Amino acid sequence: KAYTAFSDLRLKQNIELVGRDERTQLPLYEFEYIGGTGKRFLGVMAQDVEKRYPEMVFTMPDGYKAVNYAGLGIEMLEV
């Protein structure tokens, strides 16, 4: 089963660029979700993924974008 996560830039705050994924060359960020618990995560932005791997991005019914992390071979981690 594909692992997808809400990865839309518009859902995140306190975003910090921390590196690149070696295999995909996508930028990796640490961030918090707006209105979330304050936990920080490491992952990608859907808008970046969409430019390079559009088939790995889905627009959800609410209009926000989600990324197929499994398809990219990247894990979203809590940091």
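For the chain, what is the calculated [θ] at 222 nm in deg cm²/dmol (nearest 500), taking -39500 (n - 2.57) for each run of four or more DSSP H residues and dividing by its residue count?
My calculation for the chain gives -3000 deg cm²/dmol from helical runs alone.
Once the piece of chain linking Gln47 and Val79 is laid out straight, how much longer is it, given 0.36 nm per residue of separation minus the C-alpha distance between them?
Separation in residues times 0.36 nm, less the Cα-Cα distance, equals 9.4 nm.
So what is the accessible area of the chain per residue, in Å², with the probe set to 1.4 Å?
61
I need to check one value: relative contact order of the chain, counting alpha carbon pairs closer than 8 Å and at least 6 residues apart, in percent.
Dividing the mean separation by the residue count of the chain yields 34 percent.
Give me the one-decimal nm value for the distance between modelled label points at Glu32 and Asp62, 7 Å along each residue's Cα-to-Cβ direction.
In this crude label model, Glu32 to Asp62 measures out at 1.9 nm.
Work out how much length Arg40 to Glu16 would gain on full extension: take 0.36 nm times their residue separation and subtract the Cα-Cα distance, in nm to one decimal.
Difference between extended and current length: 7.6 nm.
Counting Lys and Arg as +1 and Asp and Glu as -1, each charge on the Cβ, what is the dipole of the chain about the Cα centre in debye, to the nearest 20?
My answer is approximately 80 debye.
The values are calculated or read from the model by the stated rules, or taken from the named source; none is laboratory data. Quantities reported herein were computed from a predicted structural model and do not represent experimental measurements. So basically every Cβ, Gly included, is an ideal-geometry build from the backbone, and we count neighbours across all protein chains shown. Heavy atoms of the whole protein, side chains included, go into the accessibility calculation; ligands, DNA and RNA do not. Shrake-Rupley method; radii C 1.70, N 1.55, O 1.52, S 1.80 Å.
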